[in-house]
Amino acid sequence: MSASDPTPSSLKTRFVPADHSRVTFTGGFWESWTRTVREVTIPTQHMRLKEEGFLEVLDFGKPPAPLARPIQPSGLSMQHFFDSDFGKWIEAASYTLKTHPNPDIEAKIDSIVEKLEQGQMADGYLNSWFIRREPEKRWTNLRDLHEMYSMGHLLEGAVAYFQATGKRRFLDVMIRAVDHIIDTFGPEPGKLRGYDAHEEIELALVKLYRVTRDPRHLSLATFFVDERGQMPSYYDEEARKRGEDPADYVYTTYAYSQAHMPVREQTQVVGHAVRAMYLLSAMVDLAHENDDPTLKAACDRLFNNLVERQLYVTGGLGPSASNEGFTREFDLPNETAYAETCAAVALGFFSHRMAQLDLDAQYTDRLETVLYNGALSGIARDGEHYFYENVLESHGQNRRWKWHYCPCCPTNIARMITSLGQYVYSAKDDALAVHLYAAGTGELDLGGKLVRLSQETHYPWDGDVAIRLTLEADAEFTLHLRVPGWCRGARLSIDGKAVDMAACTVKGYAAIRRVWRNGDEIRLSFDMPVDRLYAHPAVSEDAGRVALRRGPVVYCVEETDIGTEPQRLRLPADAALEVHFEPDLLGGATVLSGEALEAETQDWGGLYRTAPPHLKTRAFKAIPYHLWANREAGAMLVWLNEK
């Protein structure tokens, strides 16, 4: 949908995502990944939090230990927002507890909650850095120090833990913290008209509102979004109160935190990539809750700008390390790509929300790209090594780490995978939507009636999907089945009778309305050839290059598979590519193979010469991008030179 398309007359009705705990993956791609994250990632992340001194910050009764992360030239220490990391860990762990109770993990969460409750100030304020180290400086630097960002992640963790266990202790702690924020910030006389430079509290408050239905929680989220970017800037006023010159701001412009102009006026995605996606996620939520078409229109504009001019083929975003974000349109370098895992995860959050508000497959296409590529590449197949940056080209210098100096990404990808069920299905009124295809089952309530969907598929390795419905009684409703944007040929049948997909597909979803009966079977078949992708000519780094994609999966070539740097390969435009499944490759994956040309160098002699290189034929293999750097060190390339 383009920004010029009409906005629905009301945004109050949306598709509601399935409860993740009522979606079960049975075999196949996502069953393997969710099991790894549950059994390996969640326990080892708690171990890393302890080993790296993160949990020490919660020892409120003791003198603070030396900083585990020193103050940077910007005046910020990564330790300023340690609270956010165990907030996200609690959230991810809580999602697993709802489906797989684990007394040990639950006890670890309760221990953290007890310490947070003991350390919380009498007025409700809760931030370990300021309580233990600089209580006199709280709420004096929203521009730099992430106070509400940290509280937001704690709040999301509290909501998830309450929903998983029914325990209110953590939720009540965070409601008291929110009460304090409400007493401190807002448009009323005597309150601060500030907002955190790192967005997060806004979408957390909407999650809280959906639990409590307390209008104050929604009003506060609305205030923070509406106030953002208003001039004169709150950050200038705040800096002057600290005795600083606002012109000395290390990032020079408030576009870094999307606070350079009011959000409804913004037309280009700018600044820090994670912040931008968190803000947009909150804007979608508020567009729905407040029935605000002006926010929806802004989201449309910014989504289009992102996907048409600033998005990597893998779903990665934010090319620059200097601001962890965006530079200029069409600037998509490969070897220096920042493409932070957190940003891809947050794009998934934004895209998913857009699809619930406006059922359009272009949004779910981006979510799917992230899930199979730009976010999933951030976690190793063993479940305990990670990438912060997700480059598209390497000469072997990039290796996965077991923890990072700023470890925001491990817990972020963990909370996405552990809550994956909510992304597969959603429902509203008398309609169900199937957004993603994965082997397993899902249960949804539709007008008080239980509908159970069972999927049999080897997706994403092939495009055949069988869906069987289990109903307590016959029911009339519309079933929306997503037709992926990468698919150029699809077939649909119901109980063996072919359905004209072209006649019933709207915005990339085949909409079938009928009286459904117990045992009805839907069969989908998506053609899944190998696609050759070419970048816009303005992306100069990819001129003369081609990327390979099959279905939703983007591929890369690793040195370990071909015995030489893939940068020396030339892929003929007419090269035949074979597809086969390798069950022993990192849990099993479909790979591509064929013949390419390699530039010979043994007789080159010196750095330059007047004759071009001799090209020899050699075999090559491409693997899914998300699996790279799981084996021997070596070079990697997504965008191959084309001959």
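Each reported figure results from applying straightforward, stated rules to the coordinates on display, with no laboratory input. The structure displayed is predicted, hence computed values, not measured ones. Glycine also receives a Cβ, built like all others from the backbone with ideal geometry; neighbour counts cover every protein chain displayed.
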Next on the checklist: Can you give the local net charge around R381? Use residues other than it whose beta-carbon is closer than 13 angstrom to its beta-carbon, Lys and Arg +1, Asp and Glu -1.
Outcome noted: 0
Checklist entry - Which part of the stretch 464-508 falls in the paramagnetic zone of T13, meaning amide N under 20 Å from the point 7 Å along Cα-to-beta-carbon? => result 475-482, 505-508
Next on the checklist: I'd like the Karplus ³J(HN,Hα) series for the stretch 457-468: coefficients 6.51, -1.76, 1.60, θ = phi - 60°, whole numbers in Hz, and an x wherever there's a Gly or Pro.
Outcome noted: 6, 9, 3, x, 7, 9, x, 8, 9, 10, 10, 10
Item to check | Centroid-to-centroid separation of the stretch 383-452 and the stretch 144-192 [C-alpha atoms, Å] | outcome: 25
Checklist entry - Could you give the length gained on full extension between A107 and D495, defined as 0.36 nm per residue of separation minus the Cα-Cα distance, in nm? => result 134.8 nm
Checklist entry - Which whole-number percentage describes the relative contact order of the chain, with Cα contacts under 8 Å and a sequence gap of 6 or more? => result 14
Checklist entry - So how much slack lies between A466 and Q72, counting 0.36 nm per residue of separation and subtracting their Cα-Cα distance, in nm? => result 136.4 nm
Checklist entry - Pairs K98/K449; K115/K167; K137/K241; K50/K98: which are spaced more than 19 Å apart, C-alpha to C-alpha? => result K98/K449; K50/K98
Checklist entry - Can you run phi through the Karplus equation (6.51, -1.76, 1.60; θ = phi - 60°) for the stretch 211-217 and list ³J(HN,Hα) in whole Hz, with x for Gly and Pro? => result 8, 8, 6, 7, x, 5, 5
Item to check | Integer Hz, Karplus 6.51/-1.76/1.60 couplings in order for the stretch 358-373, x for Gly and Pro | outcome: 9, 5, 9, 5, 4, 6, 5, 4, 5, 4, 5, 4, 4, 4, 8, 9
Next on the checklist: Can you show me the helix-derived [θ] at 222 nm for the chain, built from DSSP H runs with n ≥ 4 at -39,500 (n - 2.57) apiece and divided by the number of residues, rounded to the nearest 500.
Outcome noted: -10000 deg cm²/dmol
Checklist entry - Within the stretch 57-158, which chymotrypsin sites (Phe, Trp or Tyr not before Pro) sit in a loop by DSSP and count at most 16 neighbouring Cβ atoms inside 10 Å? => result F60
Item to check | Loop-resident sites, the stretch 234-332, for trypsin sites (Lys or Arg not before Pro), counting at most 15 other Cβ within 10 Å (DSSP) | outcome: R242, R328
Item to check | Net +/- balance of residues flanking R309 in space, Cβ distance below 15 Å, scoring K and R +1, D and E -1 | outcome: -3
Item to check | Taking L58, L585, L116 and counting other C-beta atoms within 10 Å, the order from fewest to most | outcome: L585, L58, L116
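Would you mind estimating how fast the stretch 530-642 diffuses translationally, via Stokes-Einstein at 37 °C and 0.692 mPa s with the Kirkwood radius over Cα pairs, in µm²/s?
219
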Checklist outcome for this item: Along principal axes, largest first, the alpha-carbon spread of the stretch 82-229 in whole Å comes out as 47, 34, 24
Item to check | Surrounding net charge for S281, when Lys and Arg each add one and Asp and Glu each subtract one, Cβ distance under 9 Å | outcome: -2
Checklist entry - Over the stretch 220-310, what number does the Rg to Rh ratio reach, with both radii from the alpha-carbon atoms and Rh per Kirkwood? => result 1.01
Item to check | Student exercise, the stretch 425-526 dipole from Lys, Arg, Asp, Glu Cβ charges, in Debye to nearest 20 | outcome: 340
Checklist outcome for this item: Checked against the positive end of the charge dipole of the chain (+1 on Cβ of Lys and Arg, -1 on Cβ of Asp and Glu, about the Cα centre), the farthest of C299, Y509, G544 is Y509
Item to check | Whole-percent pair-distance distribution, where bins are 10 Å wide, for the alpha carbons of the stretch 163-209 | outcome: 22, 49, 23, 6
Item to check | Dipole of the stretch 530-642 [Lys/Arg +1, Asp/Glu -1 at C-beta], most positive-end residue of A633, T601, L571 | outcome: L571
Checklist entry - If each of M47 and E335 carries a label point 7 Å out from its Cα toward its Cβ, how far apart are those two points in nm? => result 3.6
Item to check | Over the chain: Rg over Rh, Cα atoms, Kirkwood Rh | outcome: 0.97
Checklist entry - Modelled label-to-label distance, D59 and V530, 7 Å Cα→beta-carbon offset: nm? => result 5.6
Item to check | Neighbour-count ranking [beta-carbon atoms within 10 angstrom, fewest first] of W461, W401, W628 | outcome: W401, W461, W628
Checklist entry - Once you treat every alpha carbon in the stretch 425-526 as an equal point and sum by Debye, what is log10 I(q)/I(0) at q = 0.10, 0.16, 0.19, 0.21 Å⁻¹? => result -0.24, -0.64, -0.92, -1.15
Next on the checklist: Charges at C-beta only: +1 for Lys and Arg, -1 for Asp and Glu. How large is the resulting dipole of the stretch 373-441 about its Cα centre, in Debye rounded to 20?
Outcome noted: 240
Next on the checklist: Need one number: nm distance between label points at S32 and Q602, each 7 Å from Cα along Cα→Cβ, rounded to one decimal.
Outcome noted: 3.7
Item to check | Stretchable slack from R133 to E308, in nm (0.36 nm times residue separation minus alpha-carbon distance) | outcome: 58.5 nm
Checklist entry - Taking +1 at the Cβ of each Lys and Arg and -1 at the Cβ of each Asp and Glu, which of F224, Q397, L492 sits farthest along the dipole of the chain towards its positive end, judged by Cα position relative to the Cα centre? => result L492
Next on the checklist: If you build the convex hull over the alpha carbons only and average its shadow over all orientations, what do you get for the stretch 251-421? Give it in nm² to one decimal.
Outcome noted: 9.9
